[in-house]
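The values are calculated or read from the model by the stated rules, or taken from the named source; none is laboratory data. Predicted, not measured: the structure shown is a model, and the values here were computed from it. With ideal geometry, Cβ positions are generated from the backbone for all residues, glycine too; neighbour counts draw on all protein chains shown. Just so you know, the surface numbers come from the protein's heavy atoms only, side chains and all, with ligands and any DNA or RNA stripped out. Shrake-Rupley method; radii C 1.70, N 1.55, O 1.52, S 1.80 Å.
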Amino acid sequence: MTVNVLNATSRTGLAKDTADALEKRGFRIGEVANAPAPLDGKVKGNGLVIGGPGTATASRLSVLAAQLDGARIRHDAHRDGKDLDLVLGKSFTKLTGKKAAEAALTKLSGPRSASSHEKAGTTC
């Protein structure tokens, strides 16, 4: 997935620093910029994750939102394409710790069942 990181705060360099951190976690980074006028200075909390409609987008939104404690998710019916926007809000200071983000992702995906090899007591 490609993530556009948009800064809705007055803090300089916040989007770039966050994009760099997301890239280290394996995300593909698209646009890194200030938030558009309708969102600039208006995102409360840590941030907002925006993507298009659909089930596939919903799962990608959840994966991205797990990187940011308290991120709100918004579906934009007018959006096409697979890119997601991460809009950094007034309370944002840093991404969720990597271990906490991984735990959130595990929780999102639900418990994994044992593979047939594990059930048979063999390893792959």
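Taken together, the criteria place VAL3 among residues that are open to solvent by less than 10 Å² (accessible area, probe 1.4 Å) and in contact with a Gly (Cβ under 8 Å, 6 or more places away or on another chain). Beta carbons closer than 8 Å, at least 6 apart along the sequence or on distinct chains, pair a first residue in the stretch 7-20 that is without any contact (Cβ under 8 Å) to a residue 24 or more places away in the chain with a second that is outside any loop (DSSP other than H, G, I, E, B) and surrounded by fewer than 22 Cβ atoms within 10 Å (Cβ to Cβ) for LYS16/VAL32; ALA19/ILE29; ALA19/VAL32. LEU105 falls short on exactly one of the conditions (1) in contact with a helix residue (DSSP H, G or I) (Cβ under 7 Å, 6 or more places away or on another chain); (2) modelled with pLDDT of 90 or more; (3) not basic (Lys, Arg), and that condition is (2). Taking strands (runs of 3 or more DSSP E) as the structural unit, those lying wholly within the stretch 18-114 and holding at least 1 residues that are closer than 18 Å to MET1 by Cβ and open to solvent by 50 Å² or more (accessible area, probe 1.4 Å) correspond to 28-34, 72-75.
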